[in-house]
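Following: one structure in structure tokens, then a few remarks.
The values are calculated or read from the model by the stated rules, or taken from the named source; none is laboratory data. Keep in mind the model is a prediction, meaning the values are calculated, not measured. Methodologically, a virtual Cβ is constructed for each residue, glycine included, from the backbone with ideal geometry; neighbour enumeration extends over all protein chains shown.
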Amino acid sequence: MNMAKIVFVLFALCVAPSIVTAKSKEDSPLLLKGRVYCDTCRCGYETSASTPLPRAVVGVECRSRKSSEVTFRKEVVTDSTGHYQIFVHGDRGDDMCDALLVKSSDPECSTPNAGRDRARVILTRNNGMNSNTRFANAMGFLKNTALDSCQQILQQYQETESED
């Protein structure tokens, strides 16, 4: 067997399978997962009284870093537990992407909580992460009127902070 054949066989056995595997992983979409809640105490963050928000509309929006033009947008509806999954095709490494609240399913809890109405997400494979799954921080809507029990709930949080 001459040297060219040996090199070709080694290439076929070692390098070609890794190229095929890498390409198939690039072709598969990234999966963005997150959750939406109702801030029943209107305190700006999740508490033990916060509830999941089923059937809320959420989306992911990516914009070009250079022009701020929208390059990708997709919306989905949360499940019965307030969770959502969005498949994102293509690498968005040159974009700034946010998961964002679009619409609440509950008219009594429909005001987006400023600061919790979007979550920056990294949607690229060029960041050292091996998984195709990405997670967004939880996002929330504010209830129109806080629950009566909220004062006691928030008092528990203050007691916990003062113990430190």
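Descriptive notes on the structure:
- Any hit, the range 59-75, residues being closer than 26 Å to LEU147 by Cβ and assigned to a strand (DSSP E or B): no
- Restricting the range 36-52 to residues that are charged (D, E, K, R) and surrounded by fewer than 22 Cβ atoms within 10 Å (Cβ to Cβ), the residue that is nearest to LYS143 (Cα to Cα) is ARG42.
- Taken over the range 125-148, residues that are modelled with pLDDT of 90 or more and either part of a loop (DSSP other than H, G, I, E, B) or over 15 Å from ALA49 (Cβ atoms) (or both) amount to 14.
- Per the listing GLY140, GLY115, GLY128, the residue uniquely surrounded by fewer than 13 Cβ atoms within 10 Å (Cβ to Cβ) and in contact (Cβ under 8 Å) with a residue 60 or more places away in the chain is GLY115.
- Checking each residue in the range 84-101 for being exposed (fewer than 15 other Cβ atoms within 10 Å of the Cβ) and part of a strand (DSSP E or B) picks out GLN85, PHE87.
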